[in-house]
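Participant: Just dropping this structure here.
The values are calculated or read from the model by the stated rules, or taken from the named source; none is laboratory data. The model shown is predicted, which means the values in this text are computed figures rather than measured ones. Cβ placement follows ideal geometry from the backbone for every residue including glycine, while neighbour counts extend to all protein chains displayed.
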Amino acid sequence: MKQSILIAAAAATTLAGGAQAHFQLLYTPEVMLEKPGDIPLVLAFGHPMENSHTMNMGEPEEFFVVFKGEKTDLKDKLEAVKWSGPGDDKADAYTATYGIKRNGDYIFAVVPAPYMEGAEDIYIQQITKSIVNKGAMPTGWNEPIGLPTEIVPLTKPYQAFAGGTFTGQLLSEGKPAAGVECEIEYINSDIDLAGQSFSKETKGPVPPSAIVAITDDNGMFTFGIPRPGHWGFACLGSGPTKEHEGKELSQDAVLWIHASEL
Ligand SMILES: [Cu+2]
């Protein structure tokens with residue numbers, strides 16, 4: 001009796017695991033600001049659509065913002081925290097506060113230390129971008145910022161619409177990366193900044209398997225956005241570095257966008 005329950009539980013875990021994708025978050029609640037002010041940034045590694053446990057992220061190798069082509073290092077603003085999933089788990093994560101002053105586009109980027117994924121015996125490094133605008137004045141959200149691999153948005157990333165589409169171009173060392181699988185998720189919970197956690201409640205449906213788009217010959221992909229929220233795209237293994245400490249490394253490009261109802 002006991003054994004059959006254990007087997008059933010294991011099977012359920014495996015099935016649920018099918019829809020889970022790892023996503024490096026670089027989250028801030030408001031991506032279009034009218035007034036200058038401090039914005040909170042959350043760097044956590046989790047499963048946003050499934051709304052399950054968080055994973056320990058290593059200290060970022062790089063964390064910076066690009067504003068009008070000028071790169072500013074933000075590593076000294078990082079604060080190590082413990083971030084919780086909907087359960088009681090806590091994992092290593094980081095927060096930061098950044099003062100937004102001038103009008104324009106702020107492209108935030110994090111290069112986390114590779115994460116050892118025990119289940120697959122590989123390292124994962126999700127190089128992640130998030131774009132914030134102030135004053136409704138665009139200044140280069142569609143410019144690459146020279147990451148080893150990155151998704152360059154071809155649709156305004158902070159003003160996409162549910163029922164509309166989003167198009168991105170995946171680059172590896174600045175060149176289009178063709179035939180790469182990109183997983184797509186939305187943040188399916190509230191994010192409690194003060195409580196440093198994802199909410200216990202899951203807000204929307206979780207599809208039975210991962211949402212995926214494959215980049216075309218020019219590294220482009222398009223996605224029809226079905227609902228408002230923070231949507232993430234993770235193009236897998238597109239980075240130039242394939243190995244870390246003698247093991248396979250999946251160096252991924254992640255981009256976060258925000259879609260609202262029009
Ligand atoms: Cu995981």
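Participant: Could you count how many residues in the range 57-77 are free of Cβ contacts under 8 Å to residues at least 24 places away in the same chain and among the charged types (D, E, K, R)?
Facilitator: Here is the first cut: in the range 57-77, the ones free of Cβ contacts under 8 Å to residues at least 24 places away in the same chain are 70, 72-73, 75-77.
Now restrict to residues that are among the charged types (D, E, K, R): 70, 73, 75-77.
Total meeting the criteria: 5.
Participant: State the number of residues belonging to the range 53-69 that are in a loop (DSSP other than H, G, I, E, B), within 16 Å of the ligand (Cβ to nearest atom) and surrounded by 19 or more Cβ atoms within 10 Å (Cβ to Cβ).
Facilitator: First, pick out the residues of the range 53-69 that are in a loop (DSSP other than H, G, I, E, B): 53-54, 56-61, 68-69.
In the following step, the residues that additionally are within 16 Å of the ligand (Cβ to nearest atom) were identified as 53-54, 56-58.
Those left that are additionally surrounded by 19 or more Cβ atoms within 10 Å (Cβ to Cβ): 54, 57.
The total comes to 2.
Participant: Looking at Q20 and the list (1) in a strand (DSSP E or B); (2) within 16 Å of the ligand (Cβ to nearest atom); (3) of a type outside the set (A, V, I, L, M, F, W, C), which single condition is not satisfied?
Facilitator: Among (1) in a strand (DSSP E or B); (2) within 16 Å of the ligand (Cβ to nearest atom); (3) of a type outside the set (A, V, I, L, M, F, W, C), Q20 violates only (1).
Participant: Does any residue of the range 152-170 turn out to be in contact with a Leu (Cβ under 6 Å, 6 or more places away or on another chain), surrounded by fewer than 17 Cβ atoms within 10 Å (Cβ to Cβ) and either of a type outside the set (D, E, K, R) or modelled with pLDDT of 95 or more (or both)?
Facilitator: Yes, there is a match, as at least one residue in the range 152-170 is in contact with a Leu (Cβ under 6 Å, 6 or more places away or on another chain), surrounded by fewer than 17 Cβ atoms within 10 Å (Cβ to Cβ) and either of a type outside the set (D, E, K, R) or modelled with pLDDT of 95 or more (or both).
Participant: Could you list, in sequence order, the residues of the range 127-145 that are among the β-branched types (V, I, T) and more than 16 Å from the ligand (Cβ to nearest atom)?
Facilitator: I127, I131, V132, T139, I145
Participant: So how many residues does the range 110-126 have that are assigned to a strand (DSSP E or B) and either farther than 16 Å from F63 by Cα or near the ligand (Cβ under 10 Å from one of its atoms) (or both)?
Facilitator: 6
Participant: Here are D38, D92: which of them is surrounded by fewer than 22 Cβ atoms within 10 Å (Cβ to Cβ), assigned to a strand (DSSP E or B) and within 16 Å of the ligand (Cβ to nearest atom)?
Facilitator: D92
Participant: Which residues, taken from the range 25-43, are more than 22 Å from A136 (Cα to Cα) and in contact with an Asp or Glu (Cβ under 9 Å, 6 or more places away or on another chain)?
Facilitator: Once the filter is applied, which keeps residues that are more than 22 Å from A136 (Cα to Cα) and in contact with an Asp or Glu (Cβ under 9 Å, 6 or more places away or on another chain), the range 25-43 yields nothing.
Participant: Please go through the range 222-262 and give me each residue that is touching a residue at least 24 places away in the same chain (Cβ under 8 Å) and either at positive phi or touching a helix residue (DSSP H, G or I) at 6+ places or on another chain (Cβ under 9 Å) (or both), ordered by number. Reasoning before the result, please.
Facilitator: Within the range 222-262, the first condition is being touching a residue at least 24 places away in the same chain (Cβ under 8 Å), and the residues that meet it are 222-241, 244-245, 247-262.
Hits for the range 222-262 are G229, G237, E245.
Participant: OK, next. List every residue pair whose Cβ atoms sit under 6 Å apart, with the two residues 6 or more apart in sequence or on different chains, where the first one lies in the range 39-56 and is among the small types (G, A, S) and the second, anywhere, is within 9 Å of the ligand (Cβ to nearest atom).
Facilitator: Matching pairs, first to second residue: A44/T54; G46/T54.
Participant: If you don't mind, there's one more thing I want to ask. Please go through (1) touching a residue at least 40 places away in the same chain (Cβ under 8 Å); (2) part of a loop (DSSP other than H, G, I, E, B); (3) among the aliphatic types (A, V, I, L, M) for M137 and return the number of the only condition it doesn't satisfy.
Facilitator: Status for M137: all satisfied but (1).
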